[in-house]
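Participant: Structure in structure tokens, see below.
Bear in mind these aren't lab numbers, they're just calculated from the coordinates by the rules spelled out. Only a predicted model underlies this, so the values are computations on that prediction, with no experimental measurement involved. Backbone-built Cβ (ideal geometry, glycine too); neighbour counts: all protein chains shown.
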Amino acid sequence: MKKFLLLLCFAVVLSGCSLLVGEDYFGEGWKGESVEQLTGHWGEPESKTNLENGGQELIYKLFDGSCTYVFYTDASGVITSYQYQSTFLGTCKPIG
């Protein structure tokens, strides 16, 4: 039981502010913004894929691949939606 509590405390310390601000917050703020603004802030994505609707899919992998953000744009380069996946304690935060 003591090991479990120690591990739980360690996880809370590692997660820091992520307990108050979730991964969704970071993606939500980019809806309606341009790809140029996103790349100016986050840098170039790991990959870009052109979509059938004329938009793009931009993939950012952060922290050795433990956090992945995928942004989708329309044909004019405006971010319309996003997805994210965190594989380590829900502590996925973008750079910048």
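Participant: Would you kindly state how much longer the chain becomes between H41 and E57 on full extension, computed as 0.36 nm times their sequence separation minus their alpha carbon distance, in nm to one decimal?
Facilitator: 4.1 nm
Participant: Ranking request for peptides 41-49, 66-74, 54-62: highest mean number of other beta-carbon atoms within 10 Å first, then the rest in descending order.
Facilitator: 66-74, 54-62, 41-49
Participant: Simple spin-label model, 7 Å along Cα-to-Cβ: A75 to K31 in nm?
Facilitator: Using points 7 Å along Cα→Cβ, the separation is 2.3 nm.
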